[in-house]
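**Student:** This structure is in structure tokens; I'll ask about it shortly.
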Amino acid sequence: MTADILSTARQRGTENKLPYAGAITPTEAHALLQHNPNARLIDVRTNAERDWVGRVAVPESQHAAVQWNVYPGGTPNPEFLAQLAQVAGKDNVLLFLCRSGVRSRHAAKLATENGYANCFDILEGFEGDKDAQGHRKTVSGWCKAGLPWLGA
């Protein structure tokens, strides 16, 4: 099962010429985390986003928070790679998650450039795209897929 998920994610990476291993849907990411103890979900949202919006509910041994940008100010986290090294090995399967799938792509690319071999972007992110009223969690993403998460 996990081999099939990773194969599909890698195929997306090849088809889309991604600068990292591939792209994975939220549902695939959740299934992979349940069946692959080597997988780590790296939540790159700010601490404020996790505190105010919510966070994924996966085992702590498979989850880490490493901010891509820091709050307040939204400036790049100068310690991103050092913090990533503290929570993940270069051979772990790393599943990067942000709000809607933009910062996670940047994080997967940087990690790949620095020797992490199995970096995947979680498509759609935690909250997904905005609906017609400008709200998130209703169109796509981890929450919309009905995957476990803890509210703020």
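The values are calculated or read from the model by the stated rules, or taken from the named source; none is laboratory data. This one's a predicted model, so the numbers in the text were calculated from it and none came from an experiment. For neighbour counting, all protein chains shown are included, and Cβ atoms are generated from backbone atoms with ideal geometry for every residue, glycine included.
**Student:** Which residue, of Arg12, Arg55, is crowded, with 16+ Cβ neighbours inside 10 Å and outside any helix (DSSP H, G or I)? Step through it out loud before you land on a result.
**Tutor:** Values: Arg12 fails: outside any helix (DSSP H, G or I).
Selected residue: Arg55, the only one of Arg12, Arg55 that is crowded, with 16+ Cβ neighbours inside 10 Å and outside any helix (DSSP H, G or I).
**Student:** Does Leu110 fit the bill of being farther than 18 Å from Gly13 by Cα and at pLDDT 95 or above?
**Tutor:** No: the conditions fail for Leu110.
**Student:** OK, next. Between residues in segment 23-48 that are closer than 20 Å to Ser61 by Cβ and residues that are surrounded by fewer than 18 Cβ atoms within 10 Å (Cβ to Cβ) and acidic (Asp, Glu), which pairs lie under 8 Å by C-beta distance while being six or more apart or on different chains?
**Tutor:** Qualifying pairs under 8 Å: Asn38/Asp91.
**Student:** OK, next. Does Val102 satisfy being aliphatic (A, V, I, L, M) and either at positive phi or modelled with pLDDT of 95 or more (or both)? Walk me through how you get there before you give the answer.
**Tutor:** Values: aliphatic (A, V, I, L, M): yes; either at positive phi or modelled with pLDDT of 95 or more (or both): no.
So Val102 fails the test.
**Student:** Looking at (1) in contact with a helix residue (DSSP H, G or I) (Cβ under 9 Å, 6 or more places away or on another chain); (2) touching a residue at least 40 places away in the same chain (Cβ under 8 Å); (3) of a type in the set (Ser, Thr, Tyr), can you tell me which one Tyr71 breaks?
**Tutor:** (2)
**Student:** A further question follows. Residue by residue through segment 15-41, note down the ones that are among the small types (Gly, Ala, Ser) and either touching a Gly at 6+ places or on another chain (Cβ under 8 Å) or in a helix (DSSP H, G or I) (or both).
**Tutor:** Ala21, Gly22, Ala23, Ala29, Ala31
**Student:** Need pairs with beta-carbon distance below 7 Å; first residue surrounded by fewer than 17 Cβ atoms within 10 Å (Cβ to Cβ) and within segment 75-98, second of a type in the set (Ser, Thr, Tyr); sequence gap 6+ or separate chains.
**Tutor:** That search, which allows pairs on different chains as well, returns Lys90/Tyr116.
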